[in-house]
Amino acid sequence: MERFKSFFKKKDKPDPMKTAGDYVQSRTPTKLKDKRPERIKLEPHERTPLPKHLRRMSAEDMSGMSVGSGHKRPVDKGAGMTKKGVAAYRRRNPGSKLQTAVTTPPSKLKPDSKAAKRRKAFCSRSRSWTSERGKAARRRWNC
């Protein structure tokens, strides 16, 4: 009977004057407190840069690529990059997975094909594009 008395004892109610953080810290076992590593805050220049394939396109990646050089399409032709432009970008950025536009009409694509998924992802990602080039690129992708 003695060992069941502790089970039926009233539990400690949390003090309403304590904050949630204080309550959690008081309940955290001391073993865990000692093992938690302290977070070190690094300055931006101390952080390791992302690998090239994980970074977004920057202005320097696109420098020298223009409509005149044949790397980009003019707005009236649907904007976006040409095969030549994609090849030049991939030479500059090894490991890049950049591809040209999916211009096949959606009715002719199988719904679960890779091309249909790429088109759908591009259309949802570029929904907020309002510039003339952006609108032209979306038309080319049949968005």
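Every number in this text was worked out from the coordinates using simple rules, so none of it is lab data. Predicted model only: the values in this text are computed from it and were never measured. As a convention, Cβ positions derive from the backbone with ideal geometry for all residues, glycine included, and neighbour counts pool all protein chains shown.
Distance check, please: which entries in Lys83/Lys108; Lys72/Lys110; Lys84/Lys135; Lys83/Lys120; Lys84/Lys120; Lys41/Lys120 exceed 32 angstrom between their Cα atoms? Before the final figure, lay out the partial values.
On the way: Lys83/Lys108 22 Å; Lys72/Lys110 28 Å; Lys84/Lys135 22 Å; Lys83/Lys120 21 Å; Lys84/Lys120 24 Å; Lys41/Lys120 38 Å.
Going by Cα-Cα distance, Lys41/Lys120 fall outside the 32 Å limit.
Using the Karplus equation 6.51 cos²θ - 1.76 cosθ + 1.60 (θ = phi - 60°), what ³J(HN,Hα) coupling, rounded to whole Hz, does each residue of the stretch 90-99 give in order, writing x for Gly and Pro?
5, 5, 6, 10, x, x, 5, 10, 4, 10
Given points 7 Å out from each Cα along the Cα-Cβ axis, report the Arg133 to Lys77 separation in nanometres with one decimal.
A separation of 1.5 nm, rounded to one decimal place.
State whether the stretch 65-140 is rounded, prolate or oblate according to the following rule on the C-alpha gyration tensor (a ≥ b ≥ c being the square roots of its eigenvalues): a/c under 1.5 gives rounded; otherwise a/b larger than b/c gives prolate, and the remaining case gives oblate.
On the way: a/c = 1.88, a/b = 1.25, b/c = 1.50.
It is oblate, given that a/c is not under 1.5 and a/b is not larger than b/c.
Among 134-141, 88-95, how do they line up by average Cβ neighbours within 10 Å per residue, starting with the highest? Please report the intermediate quantities before stating the final value.
Numbers: 134-141: 17.5, 88-95: 13.1.
Ranked from most to least packed, the peptides come out as 134-141, 88-95.
Can you classify the stretch 97-143 as rounded, prolate or oblate using the Cα gyration tensor, where a ≥ b ≥ c are the square roots of its eigenvalues, rounded means a/c under 1.5, and otherwise it's prolate if a/b beats b/c and oblate if not?
Here the stretch 97-143 falls in the prolate category.
Suppose the chain between Arg92 and Thr48 were pulled fully straight at 0.36 nm per residue; how much longer would it get relative to their current alpha carbon spacing?
Working: separation 44, 0.36 × 44 = 15.84 nm, distance 2.09 nm.
The span from Arg92 to Thr48 would gain 13.8 nm if fully extended.
For Ser107 and Ser63, compute 0.36 nm times the residue count separating them, minus their Cα-Cα distance, and round to one decimal in nm.
Once the chain is fully extended between Ser107 and Ser63, it gains 12.2 nm.
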